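Below is one structure, written out as structure tokens; comments come after it.
Nothing in this text is a laboratory measurement; each read-out follows from the coordinates by a stated rule. Nothing here was measured: the structure is a model prediction, and the numbers come from that model. Please note: Cβ atoms are built from the backbone with ideal geometry, for glycine as well, and neighbour counts cover all protein chains shown.
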Amino acid sequence: MESKQSYTISKFQAARQCKCPRCRTGKMFEGSLLRLKGQKMHKHCPHCGLKFEMEPGFFYVSMFVSYALNVAQFITVCVATYVLSGQSESPWVYLTACCIVAIAMAGFNFRYSRVIQLYWLTPNLSFNPRYYGVKKADEKNTATS
Ligand SMILES: [Zn+2]
């Protein structure tokens, strides 16, 4: 059993690396997190063929996750600004700091709101060890169809 544990990666590790929640091998997004052209998500997992947007409007839930992430970041930034600016009372200082963080973290929030939704807010989707690891020839055909 121990060898099987080292064979697969943990759920948190897979989520952090934006891997497909079913196979934990295929990447969910194209390009890197710091890509300036905007974030693009694969329609299907390049490894196991899982359709990420299971139904139309599936990712509306990730909008609420993204909102929660933004609120957490704004609170953190406001507290940090309060401390670093020597208890500034100007609202423009906080507003500017929040705007900069919102723009800088947009890609991160886009990715991880969808990752959180697929990993923790979709009950009928779980890891299947059958799909993990090296791609087989017959799986390659089902993934493209
Ligand atoms: Zn997959």
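Listing for the model above:
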quantity	calculated
Any chance residue 72 is among the small types (Gly, Ala, Ser) and within 16 Å of the ligand (Cβ to nearest atom)	no
Cβ-Cβ under 7 Å pairs, at least 6 apart or on other chains, region 9-31 side over 17 Å from residue 107 (Cβ atoms), far side near the ligand (Cβ under 8 Å from one of its atoms) and assigned to a strand (DSSP E or B)	25/19; 26/19
Positions within region 25-56 being more than 10 Å from the ligand (Cβ to nearest atom) and crowded, with 17+ Cβ neighbours inside 10 Å, in sequence order	29, 39
